[in-house]
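Structure record follows, encoded as structure tokens.
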Amino acid sequence: MSLLVVGLSHRSAPVSVLERAALNADEQVKLLQDTVAAEPATEAAVLATCNRIELYADVDKFHAGVAELSTLLAQHSGVGLEELTPYLYVHYEDRAVHHLFSVACGLDSMVVGEGQILGQIKDSLARAQELHSAGRLLNDLFQQALRVGKRAHSETGIDRAGQSLVTFGLEQLARGGDVQQWARGKKALVIGAGSMSSLAAATLARAGVAEIVVANRTFDRAERLAQILMDGDDTDVLARAVPMESVPAELTRADVTVSCTGATGLVLTAESVAGAIEGRTPVPAAGSGEDGPGAPGGESGPAAGAQRGGASGTGLGSEDGCPLDLSAVQATAGFSVLGEAAVAGMAAADLEQHAAWVDNGTAGGDRRAAGGTARPGQTGTLDPAADTDAIAALAATVATVGRIPERRRPEPVEEPQRPEPVLFLLDLAMPRDIDAAVHRLTGVRLVDIESLAEASADAPMAADVDQVRRIVSDEVAAFGAALRAAHITPTVVALRTMAADVVAGEIARLDGRLPGLDDKHRAEITQTVRRVVDKLLHAPTVRVKQLAAEPGGAGYADALRTLFDLDPETVAAVSRAEDSTTEKDRGPA
């Protein structure tokens, strides 16, 4: 086996590189054709998804294969080889099998356990079969990967570890809340009618959106998807198709938009999105309250702080005997009135006087009794007991250095809450369909591949993942053993063919020496000789297949050919005949 995979994914490369390296359908076809035309490769398949681009090949030389496949990926992706190389990974033989089986089970997906990758692997195999770039090795490999993926989903709870990228994206739009509750009654716009867009549309329909508008460059495909949504038994969504030219107008009506096309440029620019939400008032964020500057009961500023602070609004620095003028500090917005910021530059004697004054409890008690609450930066927030400890520590420092230099520490600033979006955007395309600058628009929430990658990094892993890993390891061992056993089969067949030819030749010689031998005796002698040859060959051929199935067993085929002086061309002819028969019997992926 000389299986080689060279690729890059969300685990090895940033989204910006994946976006530039993305291949459309025509580019994938050309890559396959150029790969099988290259000298080191005899078979090839491309697995291209939203977050990975991988080139699989059967090569006769490892180093030459790596160099050729890397160069081809760079040429067809348009990313220079020197820039692309640091992000590429290489797997060979059993490690390549392990990688594909892990991918098929969803272990290498952005959302662990998602099952959509199985459909993408199936499409990849179908494309390679259609172009005749997949031979015996890749056909068997991809077919087995599909079986392993299905086994993982049926025998374990890997589905509980994650979900499809579409579902995960919708959960991110809903900020982790219940998607059905978030989606209920919304109007959705789906741009694109491929497999990912169709899945998004079906998911939105099941989630309870009121309307789905499908836009696609090929209007017939948009109509077909809309009809499928309307005919679904488990939903009552209203669906209709529109041409791509209608997207700007439909965007002004949509509450949620999902885009996944094969376009090489942006489908939605920041300007078009900004225009679509113009005049649509964002809803205040939950928990933000209606109180604010200028709102009823929402007075702000020093006057309001004095009203909340106590009946008199008197600051700590207003009492006789306190040397600290806190009103001056108060005016410095954003800085604490406690500790160093309040006493910056004061002499030790003044600090000690202030500490004694606070310790006597001549301030603060009345304010707390009044039940007032003050904002940070106002004198009403001071706690005399806590302030005493801080001042005492600072006084000790001043006694040593003389004065405390001014070192003000900013208060933690609470970021203003953004209003609830009026438009939710989910971009599942690679390269992206929606301008990343949309993230900065108020009233819009955009989730794209990059933000999904960040969100999925902290996603919890289910315990079933370990079970799936064991399944993958077992299946890799079984596949390798079967492949190594199959590798020696043409040699065994050639050996038995040679033995049959020897028997036929000896029977012919017997006929020449005993021309009067009757048919009954001739048949008995022939059968006896064949039984002798079969018994002599049975144990060695069975044992050599067992040995060849073990790791490192590939050399047994060479040993067999050498020991029995088998013609290499005869062995190759048997192998070609088996491949031809297998290809005829093999159905579509």
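From the alpha carbon centroid of region 42-109 to that of region 202-274 is 34 Å.
Pairs Lys30/Lys186; Lys30/Lys61; Lys520/Lys545: which are spaced more than 30 Å apart, C-alpha to C-alpha? Flagged as over cut-off: Lys30/Lys186; Lys520/Lys545. Between the amide H of Ala239 and those of Ile212, distances stay under 5 Å, these residues lying 5 or more places away or on another chain, with hydrogens modeled in the peptide plane.
A simple spin-label model places the labels of Ala523 and Leu510 1.4 nm from each other, with each point 7 Å out along Cα-to-Cβ.
Taking K and R as +1 and D and E as -1, what net charge do the other residues with C-beta under 10 Å from the C-beta of Gly169 add up to? If you can, show how the numbers build up before the last one.
Values: positive: none; negative: Glu171, Asp427, Asp448.
In short, -3.
Where does each of 90-96, 100-106 land if you order them by average Cβ count within 10 Å, highest first?
Working: 90-96: 16.7, 100-106: 26.7.
In decreasing order of mean packing, 90-96, 100-106 become 100-106, 90-96.
Charge tally for Val213 (other residues, Cβ to Cβ under 9 Å; Lys, Arg +1; Asp, Glu -1): +1. The alpha carbon gyration tensor of region 1-126 gives principal lengths a ≥ b ≥ c with a/c below 1.5, which makes the shape rounded.
Ligands, DNA and RNA excluded, the heavy atoms of Glu454 present near 130 Å² of accessible surface to a 1.4 Å solvent probe. State the percentage of accessible surface on region 118-183 attributable to carbon and sulfur atoms; use a 1.4 Å probe and exclude ligands, DNA and RNA. Carbon plus sulfur share of accessible area: 42 percent. Measuring only protein heavy atoms, the 1.4 Å probe finds His10 accessible over about 50 Å². Proximity of backbone amide H atoms, modeled 1.01 Å from N, is registered between Leu425 and Thr257, Arg445, Leu446, Val447 at under 5 Å, excluding neighbours fewer than 5 places apart on the same chain.
Taking the Cβ of Leu425 as the centre, find all other residues whose Cβ is under 9 Å away and add up their charges (Lys, Arg: +1; Asp, Glu: -1).
Net of charged neighbours comes to -1.
Accessible area of Arg522 (1.4 Å probe, protein heavy atoms only, ligands and nucleic acids ignored): about 60 Å².
The values are calculated or read from the model by the stated rules, or taken from the named source; none is laboratory data. These figures come from a predicted structure and were not determined experimentally. Methodologically, a virtual Cβ is constructed for each residue, glycine included, from the backbone with ideal geometry; neighbour enumeration extends over all protein chains shown. These accessible areas exclude ligands, DNA and RNA; they are computed on the full protein's heavy atoms, side chains included. Shrake-Rupley method; radii C 1.70, N 1.55, O 1.52, S 1.80 Å.
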